[in-house]
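This is the structure I have questions about; it appears just below.
The values are calculated or read from the model by the stated rules, or taken from the named source; none is laboratory data. This structure is a prediction, so every number in the text was calculated from the model and none was measured. Positions of Cβ are generated from backbone atoms using ideal geometry, with glycine treated the same way; all protein chains shown enter the neighbour counts. Keep in mind that these areas ignore ligands, DNA and RNA; they rest on the heavy atoms of the full protein, side chains included. Shrake-Rupley method; radii C 1.70, N 1.55, O 1.52, S 1.80 Å.
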Amino acid sequence: MAEPECSLTELPVSMCAHCRKQDLPKPEPLYWFTARYHGRCADCSRPIEPGDEIAATDDGHVCRRCA
């Protein structure tokens with residue numbers, strides 16, 4: 001009998017981080033720079049203000065607190 005698959009990732013449930021409730025690894029910051037616009041951190045959703053130091057990642061921009 002085949003193992004059930006995750007409906008989101010289509011992986012077997014025993015191999016799926018989503019089904020096993022495991023956090024996925026965070027992408028490493030590509031480079032740091034000073035924000036020029038308002039926004040939100042892609043990791044913690046805190047506000048980003050102009051002048052804050054932020055980093056670009058594969059998932060968006062993150063604040064210094066999250067890196």
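Amide H neighbours of L11 under 5 Å, at least 5 residues apart or on other chains, H built in the peptide plane: list them.
When sequence neighbours closer than 5 places are left aside, the close amide H contacts are C6.
Could you pull out every residue, at least 5 positions away or on a different chain, whose amide H is within less than 5 Å of the one on T57? Hs are placed 1.01 Å off N in the peptide plane, and Pro or chain starts have none.
Placed amide hydrogens put L30, V62 under 5 Å from T57.
Continuing with the same structure: Using θ = phi - 60° and the Karplus curve 6.51 cos²θ - 1.76 cosθ + 1.60, what whole-Hz ³J(HN,Hα) does each residue of the stretch 53-66 get, with Gly and Pro shown as x?
Once rounded to whole Hz, the list reads 8, 10, 10, 8, 10, 5, 9, x, 10, 10, 7, 5, 5, 8.
Let me ask something else. Using θ = phi - 60° and the Karplus relation 6.51 cos²θ - 1.76 cosθ + 1.60, list the HN-Hα couplings for the stretch 6-14 in order, rounded to whole Hz, with x at every Gly or Pro.
Result, ordered by residue: 5, 6, 8, 9, 6, 8, x, 3, 5 Hz.
While we're here: At a probe radius of 1.4 Å, what is the per-residue accessible area of C6, in Å² to the nearest 10?
About 10 Å², rounded to the nearest 10.
I would also like to ask the following. Evaluate the charge dipole of the chain about its Cα centre and quote only its size in Debye, nearest 20, assuming +1 on the Cβ of each Lys and Arg and -1 on the Cβ of each Asp and Glu.
Values: 8 positive and 11 negative charges, 64 e Å.
Dipole magnitude for the chain comes out near 300 debye.
Same structure, new question: Long-range amide H contacts for R46: which residues qualify at under 5 Å (H placed 1.01 Å from N, peptide plane, sequence gap of 5 or more or a different chain)?
Here the answer is C41, since their amide H atoms fall under 5 Å of that of R46.
List, in order, the whole-Hz ³J(HN,Hα) value for each residue of the stretch 38-48 obtained from phi through the Karplus relation with A = 6.51, B = -1.76, C = 1.60 and θ = phi - 60°; use x for Gly and Pro.
Calculated HN-Hα couplings, in order: 6, x, 9, 5, 5, 9, 10, 6, 6, x, 10 Hz.
I've got another one for you. Please identify every one of the chymotrypsin sites (Phe, Trp or Tyr not before Pro) in the stretch 3-67 that sits in a loop by DSSP and has no more than 14 other beta carbons within 10 Å of its own beta carbon. Please list the in-between numbers first.
On the way: sites: Y31, W32, F33, Y37; in loops: Y37.
Hits after loop and neighbour filter: Y37.
Let me ask another. Mind telling me which of A35, A55, A17 comes out most flexible in a GNM of the chain, alpha-carbon contacts under 10 Å?
So, out of A35, A55, A17, the one fluctuating most is A17.
Further question on the same structure: The list (1) 63, 28, 15; (2) 35, 19, 18; (3) 57, 19, 15 gives values of Cα extents along the principal axes in Å, and only one came from this structure; which label was calculated from it?
Calculated Cα extents along the principal axes in Å: the matching label is (3).
Using a 1.4 Å probe on the protein chains only, how many percent of the accessible area of the chain belongs to carbon and sulfur? It would help to have the intermediate numbers written out before the result.
Values: 2820 of 5430 Å².
Percent of accessible area from carbon and sulfur atoms in the chain: 52.
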